[in-house]
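Notes for the one structure printed next.
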Amino acid sequence: MHGIIKEWKSGDFEFVWGFDTGGSVGGTNALDVSHQGAFLFERVFYFHEDNEEHVKNFAKKVVRDSEYLQRIIRNEAQWQKIEKIYEPLEIALYETWSTIPDFLGYVATDKVAERRSRELHDAFYLLCERLYGYISKNIDELIVGWGKDERLTTRSLIEQIQNGKI
């Protein structure tokens, strides 16, 4: 975490909500969860989830719903399934886009390249947001068919998202 937004306790749970720019596109806030002083897990909040209300509601659910907490510990929560598919796809998409001139950077004095770089980053962000939304809506189908169905491979999904089919 690069900066702490808020820290609080609820019962035996401790929460540290922080700003972190080192992860996948769209995930700039994370919540570290500890129980009785022992670290349990970190949850990254992506795109539309990245707000105080969502973070606090998630923390309340962790405290109040022991069955949900057990699913998290077993890596079976819905958000964990989504993240498991989104993160490698976002990396693959980034690797594809990193070959585009000006995407990875520009000479400071080149205003045309700077504008193009900013436009590319904005487009990439929107593409990742669309990809995350698609995964969130179709997570059950993706889990069942991942790698078995030709449409559900990293390469295929990257092509579909870039061609506007997703």
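The values are calculated or read from the model by the stated rules, or taken from the named source; none is laboratory data. Since we're looking at a predicted model, the values are computed, not measured. Ideal geometry is used to build each Cβ from the backbone, glycine not excepted, and the neighbour counts take in all protein chains shown.
Of note:
- 1 or more residues at pLDDT below 95 and surrounded by 13 or more Cβ atoms within 10 Å (Cβ to Cβ): qualifying helices (runs of 4 or more DSSP H) within the range 63-166: 78-97, 111-137, 139-145, 154-162
- All conditions but one from (1) surrounded by fewer than 16 Cβ atoms within 10 Å (Cβ to Cβ); (2) over 17 Å from the mean Cα position of the chain (by Cα); (3) not hydrophobic (A, V, I, L, M, F, W, C) apply to HIS54; the one that does not is (2).
- Residue list for the range 46-60, restricted to those being of a type outside the set (D, E, K, R) and either more than 22 Å from THR21 (Cβ to Cβ) or in a helix (DSSP H, G or I) (or both): PHE47, HIS48, HIS54, VAL55, ASN57, PHE58, ALA59
- Some residue of the range 26-33 being surrounded by 13 or more Cβ atoms within 10 Å (Cβ to Cβ), in a loop (DSSP other than H, G, I, E, B), not assigned by TED's automatic domain parsing to the domain that holds VAL144 and not charged (D, E, K, R): yes
- Sub-6 Å Cβ pairs linking a first residue in the range 52-76 that is over 26 Å from VAL144 (Cβ atoms) to a second residue that is assigned to a helix (DSSP H, G or I), at least 6 apart or interchain, are VAL62/LEU69, ordered by first then second residue.
- Residue pairs whose Cβ atoms lie under 8 Å apart, separated by 6 or more positions or on different chains, with the first residue in the range 126-143 and more than 17 Å from ILE158 (Cβ to Cβ) and the second in a helix (DSSP H, G or I) and of a type outside the set (A, V, I, L, M), are ILE139/GLN78; ILE139/LYS81; ILE143/LYS81.
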